[in-house]
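The structure under discussion appears below in the form of structure tokens.
The values are calculated or read from the model by the stated rules, or taken from the named source; none is laboratory data. Because the structure is predicted, anything quoted here is derived from the model rather than measured. Note that each Cβ is placed from the backbone with ideal geometry, even for glycine, and that neighbours are counted across all protein chains shown. Ligands, DNA and RNA are excluded from the accessible area calculation, which covers all protein heavy atoms including side chains. Shrake-Rupley method; radii C 1.70, N 1.55, O 1.52, S 1.80 Å.
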Amino acid sequence: MAVTLSERAASHVANFMIKRGKGIGLRLGVRTSGCSGMAYKIEFADSAQADDVEFESHGVRVLIDPKSMPYLDGTELDYAREGLNEGFKFNNPNVKDACGCGESFNV
């Protein structure tokens with residue numbers, strides 16, 4: 001079981017955490033939402049929870065709640081620029097279908 005960051009994503013997170021001035025890493029998760037059933041959650045973590053599953057990728061701590069782990073196992077978080085848009089992109093091998101707007105998925 002693992003969740004990783006690409007070098008680009010790790011660099012972006014590390015730089016943002018320096019500007020932010022606090023935090024221990026990145027918290028990833030999923031929530032019920034959207035037309036396909038699940039949506040990603042991403043936020044900076046200021047502390048770890050006792051039951052968090054923790055990984056380190058390119059020097060950045062990644063924290064995941066245990067309920068989200070089955071949906072995120074094997075995922076790589078990338079940071080991509082596509083035309084005028086830029087942002088995080090989840091490369092999740094568990095996704096079976098995604099909605100047309102790209103905001104939700106199911107496994």
Given (1) assigned to a strand (DSSP E or B); (2) open to solvent by 30 Å² or more (accessible area, probe 1.4 Å); (3) in contact (Cβ under 8 Å) with a residue 40 or more places away in the chain, E86 misses just (3)
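Being open to solvent by less than 80 Å² (accessible area, probe 1.4 Å) and modelled with pLDDT under 90 is true for just one of F55, F105. Which residue is that? Steps first, please.
Values: F55 fails: modelled with pLDDT under 90.
Residue meeting the stated conditions: F105.
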Only one of (1) modelled with pLDDT of 90 or more; (2) on the phi > 0 side of the Ramachandran plot does not apply to G37, and that is (1)
Conditions (1) part of a loop (DSSP other than H, G, I, E, B); (2) free of Cβ contacts under 8 Å to residues at least 12 places away in the same chain -> K19 fails only (1)
In segment 51-71, anything in contact (Cβ under 8 Å) with a residue 40 or more places away in the chain and either of a type in the set (K, R) or more than 21 Å from A14 (Cα to Cα) (or both) is listed as S68, M69, Y71
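Only residues that are among the hydrophobic types (A, V, I, L, M, F, W, C), over 17 Å from K89 (Cα atoms) and out of contact with any helix residue (DSSP H, G or I) (no Cβ under 8 Å at 6 or more places or on another chain): list them for segment 20-62, please.
Within segment 20-62, the first condition is being among the hydrophobic types (A, V, I, L, M, F, W, C), and the residues that meet it are 24, 26, 28, 30, 35, 38-39, 42, 44-45, 48, 50, 53, 55, 60, 62.
Filter again for over 17 Å from K89 (Cα atoms), leaving 24, 35, 45, 48, 50, 53, 55.
Hits for segment 20-62 are I24, C35, A45, A48, A50, F55.
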